[in-house]
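K.L.:
Handing you this structure, nothing more for now.
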Amino acid sequence: MDKIIKESFIYKIIISISNWLSKICSNSLLVNIFLSENKEKREKIYKNSIISKIFDTVLSFFRKLAKKIKLDKLLENSIFVKPIIWVTLVVALTPFLPTMAVLLLVLLSLGTLFLKAITQEDFEFKYSNMNIWILLFVLVYLFSAVTSISMSESRNIFMLITAFILFYFALINSVDTKSKMKMLIYVFIISATCASIYGIYQYHFSDVYSQAWIDETKFEDIRMRAYSTFENPNVFGEYLIMVIPIIAALIFEEKGFMKKLGLFWLFAINCLALIYTFSRGCWLGIILAIAILAIMIDRRFILLGVIALLISPFVLPDTIINRFMSIGDMTDSSTSYRVYIWFGTIAMLKDYWLSGVGLGITSFNRVYPIYSYSGIVAPHSHNLYLQLMAEHGIAGLIVFVGIIYNFYKETAIAISKKKNLVLAGIISGMAGFLLEGMFDYTWYNYRVILIFWTVIALGYAESEICKKEEWKEMYYD
């Protein structure tokens, strides 16, 4: 069978195109610039900068103070100098706890990282170009909070989101070994699977069926959309987009039939939960994510994907096909609702593109109704990129793009040096999430914001471990 496929005309065309694209990319100046690494030069510039010197001075002061009051002796081997414990709890419990409880765990993670830094003199914070962009993003949020139309609400939102963004630093500075990274990855996917099991149960057995997210005139056969612990099916789907490709990657990464079988069941459970969200944007996101991952694993999967697309109309239930085929249908109230909101937001941005209206939903809703189309009222713009501009102005969008660019640069460099399927799963899931951001405001839920920064941090931490392994192989093999 394998021989027949390899000798087929379609297979030869796909492989020829893939080889041609690979050759173009390998010889491309832009690709080579993107994959270039000047880490040592950047670190030298950073260490000689004023910001670095101020940071080192403050850290030195607290280290001297901690030594004077014998804090290092008091906290020796304590859980309060082991941020990995609190980071793990955050990763495990974010889908299930209220936002304020999650915030407490995040603050404990950051606090224990600080205590570890001042009580262990050999501890060094990890530096990357990402750090600068993320701190710039915090400054953008600060500016939006200070200049917001609803300053009191914006101040509270700023403090909450800043803590969630800074969790990135707690995670990357807690994970320094492959075993810790693997443990966190498994905690992440098992936690998601528990949420998915609840979502599947909810869809089949819940007594309360909600049509709040369905156009009843077009989708009478959909009695409910699973939302699990996230209060909204789209939000739940956005979470699963970031998880499912990692599980798929682990199926190929792990050795042993039983491990692969167990991971396959985790993959199936999460995919079923995502289907039950009936979120069309999330379906598009996961298709893109799995397609990218498949190509990164083996280009021959392109042929399998083409075959899957051709036979899917004959095997999928009508409920799913009808829902999927309604993408772009303006007679669907959900689609027309979004499009009119985008028009209204774009009209608003013509006046507020530079500074934005300020941080928070209240600020958005005080200005947006003036520009709304057809009198449609909305809590947000239903588009991540439009919302970033609406709240923060053009600076918010530029800095966000800078973060994503550096995220993909760091991970691409790592994968180019050593093939890492888990990292491929992380960046594929992020691509799917970013695509879904074109159809919805994917940061509307605060816990999803935290999960986003968790995945960004997992990607960076895995890329650093990947580079470290490549360095060891280079010098010790």
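K.L.:
Give me the percent relative contact order of the range 338-413, please, defined on Cα pairs under 8 angstrom at least 6 residues apart.
P.N.:
Working: 92 pairs, mean separation 28.4, N = 76.
Over the range 338-413, the number comes to 37 percent.
K.L.:
Sticking with this one: With no solvent and one point on each alpha carbon, what is the Debye value of log10 I(q)/I(0) for the range 83-127 at q = 0.16, 0.24, 0.27 Å⁻¹?
P.N.:
Results for the range 83-127 at q = 0.16, 0.24, 0.27 Å⁻¹ read -0.46, -0.79, -0.90.
K.L.:
When only alpha-carbon atoms count, how far does the range 98-200 stretch along each of its three principal axes, as whole angstroms with the largest first?
P.N.:
Principal-axis extents of the Cα atoms in the range 98-200, largest first: 48, 46, 24 Å.
K.L.:
Could you tell me, in Å, what Rg and Dmax come out for the Cα atoms of the range 378-472?
P.N.:
14.8, 53
K.L.:
Go through LYS53/LYS419; LYS73/LYS468; LYS180/LYS409; LYS116/LYS180; LYS64/LYS182 and tell me which ones have a Cα-Cα distance over 29 Å in this structure. Numbers along the way, then the final one.
P.N.:
Working: LYS53/LYS419 37 Å; LYS73/LYS468 32 Å; LYS180/LYS409 23 Å; LYS116/LYS180 17 Å; LYS64/LYS182 35 Å.
Too far apart for the 29 Å limit: LYS53/LYS419; LYS73/LYS468; LYS64/LYS182.
K.L.:
Take peptides 283-293, 120-130, 140-150 and line them up by average Cβ neighbours within 10 Å, highest first, as a rough protection proxy. Could the numbers behind the result be given before it?
P.N.:
On the way: 283-293: 22.0, 120-130: 14.4, 140-150: 19.7.
Ranking, from highest mean packing down: 283-293, 140-150, 120-130.
K.L.:
To the nearest Å, what is the center-to-center distance of the range 241-311 and the range 76-152, using C-alpha atoms only?
P.N.:
31 Å
K.L.:
Once you list every other residue whose beta carbon is under 14 Å from the beta carbon of TRP283, what net charge do they have if Lys and Arg are +1 and Asp and Glu are -1? Walk me through the numbers on the way to the answer.
P.N.:
Numbers: positive: ARG225, ARG280, ARG323; negative: GLU238, GLU436, ASP440.
Once positives and negatives cancel, what remains is 0.
K.L.:
Using r as the Cβ-Cβ distance of GLU124 and LEU310, and R0 as 45 Å, what FRET efficiency do you calculate, to the nearest 0.05?
P.N.:
The computed FRET efficiency comes out at 0.25.
FYI, it's all coordinate maths here, none of it is from the lab. Small disclaimer: the values here were computed from a predicted structure and weren't measured. All Cβ positions, glycine included, derive from the backbone under ideal geometry; neighbour counts span all protein chains shown.
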